[in-house]
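Taken together, the values in this text are just the output of simple stated rules run on the coordinates, not laboratory data. None of the values given here were measured: they were computed from a predicted structure. A quick note on method: Cβ atoms are made from the backbone with ideal geometry, for glycine too, and the neighbour counts reach across all protein chains shown.
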Amino acid sequence: MKKLQQLYEGKAKKVYATDDPNYVIVEYKDDATAFNGLKRGTIAGKGVVNNKVSNHLFQLLEKHGIPTHYVQELNDRETLVKKVQIIPVEVIVRNIAAGSLSKRLGIPEGTRLKTTVLEYCYKNDELGDPMVNEYHIYAMELATKEEVARIADMSLRVNQILSDYLKYVNVELIDFKLEFGRFNGEVILADEISPDTCRFWDTRTGEKLDKDRFRRDMGKVEEAYQEILNRLMGKSAEL
Ligand code: C5P
């Protein structure tokens, strides 16, 4: 498939058209932002790690029956994906309290939640992706009731599949963000699953292996991203 003009440039990715209107090429960049763009920087090699980690996990999810936009990895930084219409709702799945949940509700970081928590945010940079509930989603016609039911069900299944898988490489899945899109009338998983969009803690040491190292200036950012890739690739034969 031929790579054509750039359609979009986001904080961490560029998207290019192809000669087939049903497919686009995603290119992962090393640029990193946090706190709604207030903090900016570069994480050397991040684009390569996120491309490979995300593709690995999307293939795992496909094997477990979750429909995703993934088609084919083209090279270290580029992947062919289905061109979806993104549903402007970010889904956050939480197993252990951290980040904004700890801050908002006063639950100490690291506290295991009695049940998995699902949160929805309205995907809107100008507003800073505010949290919304199902009533807001229907009132603003961001998604239908059927779509939200499907998104919630898929998100919980993704959580189960990824949590179980990551435990084998000694990674605890603390929380993560998912995005979904419409393709041929179906809701499928889109965007990425990577150390940019998940909190990964080493199960033995509690060490953070994700973007919090960048957000909180903890150092060893590149090493943490590489460590996640190495652990997953060590397991790739067992996918
Ligand atoms: O910041 P907060 O605690 O709400 O983040 C929860 C999870 O969602 C984290 O894993 C974070 O990396 C991810 N997230 C994201 N993109 C956003 C907001 C949160 O990937 N815009």
Computed over segment 63-152, the distribution of all Cα-Cα distances in 5 Å bins, rounded to whole %, is 3, 11, 16, 17, 17, 18, 12, 6, 1
Segment 188-239 and segment 97-140 have their Cα centres apart by a whole-number Å value of 21 Å
Under a point spin-label approximation (7 Å from Cα along Cα-to-Cβ), what is the TYR168-ASP202 distance to one decimal in nm? 2.2 nm
Rg(Cα) / (2.2 N^0.38 Å) computed for segment 86-220, rounded to two decimals: 1.08
If the limit is 27 Å between Cα atoms, which of LYS39/LYS83; LYS13/LYS177; LYS145/LYS177; LYS52/LYS114; LYS11/LYS177 go over it? LYS39/LYS83; LYS52/LYS114
If you stretched the chain out fully between PHE35 and GLU9, how much longer would it get, using 0.36 nm times the residue separation minus the C-alpha to C-alpha distance? 7.5 nm
Roughly how many nanometres apart are two label points built 7 Å out from the Cα toward the Cβ at ARG216 and ASN230? 2.2 nm
Inter-label distance, nm, simple model (7 Å from Cα along the C-beta direction), TYR23/THR42: 3.1 nm
Stretch gain in nm, segment THR115-GLU186, where the contour uses 0.36 nm per residue and the Cα spacing is subtracted: 22.7 nm
Based only on Cα atoms, what mean projected area does the convex hull of the chain have, in nm²? 13.0 nm²
Two-site FRET efficiency, GLU62 against LEU127, from Cβ-Cβ distance with R₀ of 30 Å, rounded to 0.05: 0.35
Based on the Cα coordinates of segment 20-114, what is the per residue volume of their convex hull in Å³? 159 Å³
Helix-only [θ] at 222 nm, the chain, -39500 (n - 2.57) per DSSP H run of 4+, per residue, nearest 500, equals -9500 deg cm²/dmol
Most packed first (mean Cβ within 10 Å per residue), the peptides 133-141, 145-153 order as 145-153, 133-141
